[in-house]
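First the structure, in the form of structure tokens, and then the observations on it.
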Amino acid sequence: MLVSFKSLLDGAEKGGYAVPAFNVYNMETVMGVIAAAEESRSPVILQTYSRLLDNEEGYYVAPVILAAAKRATVPVCYHLDHGASEKEVQRALRLGATGIMIDRSLYDFDENVEYTRRVVEACSYLDVGVEGEIGHVGVAANGDEKTIAYTTVDEAVEFVSRTGVCALAVAVGTAHGRYKQAPKLAIDRIAEIHKATKAAVVLHGGSGVPDEQIKDAVKAGIRKINFGTDLCYSFIDEIFETSRDKIAVDVFMKGPIESVKRFATSKMELLSAVGKA
Ligand code: 13P
């Protein structure tokens, strides 16, 4: 069933687990994630990058996500990930998103607050919860996880109270993409931010984070974890392993869908989301 972003985050806070959020791109990646959620009885967030709403893809992928969510017997949210501006936010809402992220983390703190606050207000008319970001989560290929300053507790408290976001992405030692070396998360900082604010604390850059650290992050209060890069690898690696003799595309895609399902299932288990639907 299609549900709101906020309802999933509230459930995670009550249950002490994190909702797995997967970046999806096409029907097959959606099918793999939904199959994992159904079998694991896990709530799940299917999210699309902002760029998909800047071009044609969004018009095709969003209806697929919504159809899958409505058909599913587990709670599913369709979320905009790293919304770049009000343009992508409005498009995502028109396409049926039930959660929105606005990412102005590269702007100055006050500008980020003001922009995010406006988006939260606009989304509140539709009862759609918003995720913001402070302390920019960078790119693993640049080693940003080692150099970007962690989000402070004071910043987090001020940002949440001034904007009204229901979820907050924080910089605590992760970055997007493949790490050159395993990252080291600031677990204490996660616990402090979780204690100090009502917004759900979100971890971006979940791919490649060692399992033990993911478990510690969830114990410390992370309530949503994003996985993008490793889902892509699970799909693409399997495509390269698939025989070219399988000509019909639906038959060809069965292996890659199954591979995404296995990947998503492993993350649902890791986040203690299994059986929480
Ligand atoms: P990874 O691609 O590193 O898993 O990060 C995904 C993400 O955080 C999307 O916002």
Exercise. Assess whether Ala196 counts as being within 11 Å of the ligand (Cβ to nearest atom) and hydrophobic (A, V, I, L, M, F, W, C).
Key: no
Exercise. Name every residue in region 221-250 that is open to solvent by 10 Å² or more (accessible area, probe 1.4 Å), out of contact with any Phe, Trp or Tyr (no Cβ under 9 Å at 6 or more places or on another chain) and under 23 Å from Asp144 (Cβ atoms), in order of residue number.
Key: Thr229
Quiz item: Residues in region 19-26: is at least one open to solvent by 40 Å² or more (accessible area, probe 1.4 Å) and in a helix (DSSP H, G or I)?
Solution: no
Self-check item: Options Val153, Val157, Val119; residue that is among the β-branched types (Val, Ile, Thr) and either buried (at least 22 other Cβ atoms within 10 Å of the Cβ) or under 20 Å from the mean Cα position of the chain (by Cα) (or both)
Solution: Val119
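Table: residues versus (1) within 16 Å of the ligand (Cβ to nearest atom); (2) under 21 Å from the mean Cα position of the chain (by Cα); (3) of a type outside the set (Val, Ile, Thr); (4) over 30 Å from Glu192 (Cβ atoms).
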position: Asn226; (1), (2), (3), (4): yes, yes, yes, no
position: Ser234; (1), (2), (3), (4): yes, yes, yes, yes
position: Gly255; (1), (2), (3), (4): no, no, yes, yes
position: Lys261; (1), (2), (3), (4): no, yes, yes, yes
position: Met268; (1), (2), (3), (4): yes, yes, yes, no
position: Ser272; (1), (2), (3), (4): no, yes, yes, no
position: Gly275; (1), (2), (3), (4): no, yes, yes, no
Self-check item: Which listed residue is touching a residue at least 40 places away in the same chain (Cβ under 8 Å), over 15 Å from Ile45 (Cβ atoms) and of a type in the set (D, E, K, R), from Asp230, Asp245, Asp216, Asp211
Solution: Asp211
Quiz item: So which residues in region 251-262 are assigned to a helix (DSSP H, G or I), open to solvent by 20 Å² or more (accessible area, probe 1.4 Å) and in contact with an Asp or Glu (Cβ under 7 Å, 6 or more places away or on another chain), if there are any at all?
Solution: Gly255, Ile257
Quiz item: Considering only residues of region 206-220 that are at negative phi and within 11 Å of the ligand (Cβ to nearest atom), which is surrounded by the most Cβ atoms within 10 Å (Cβ to Cβ)?
Solution: Gly206
Quiz item: Could we say that Tyr179 is within 16 Å of the ligand (Cβ to nearest atom), under 20 Å from Thr151 (Cβ atoms) and aromatic (Phe, Trp, Tyr) here?
Solution: yes
Quiz item: For region 27-39, does any single residue satisfy the condition of being of a type in the set (Ser, Thr, Tyr) and farther than 13 Å from Ala68 by Cβ?
Solution: no
Quiz item: of a type outside the set (Gly, Ala, Ser), more than 22 Å from Met27 (Cβ to Cβ) and touching a helix residue (DSSP H, G or I) at 6+ places or on another chain (Cβ under 7 Å), is that true of Arg162?
Solution: yes
Quiz item: Hey, among the residues in region 182-193 that are under 19 Å from the mean Cα position of the chain (by Cα) and within 16 Å of the ligand (Cβ to nearest atom), which one's farthest from Tyr150 (Cα to Cα)?
Solution: Pro183
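The values are calculated or read from the model by the stated rules, or taken from the named source; none is laboratory data. This one's a predicted model, so the numbers in the text were calculated from it and none came from an experiment. Backbone-built Cβ (ideal geometry, glycine too); neighbour counts: all protein chains shown. Keep in mind that these areas ignore ligands, DNA and RNA; they rest on the heavy atoms of the full protein, side chains included. Shrake-Rupley method; radii C 1.70, N 1.55, O 1.52, S 1.80 Å.
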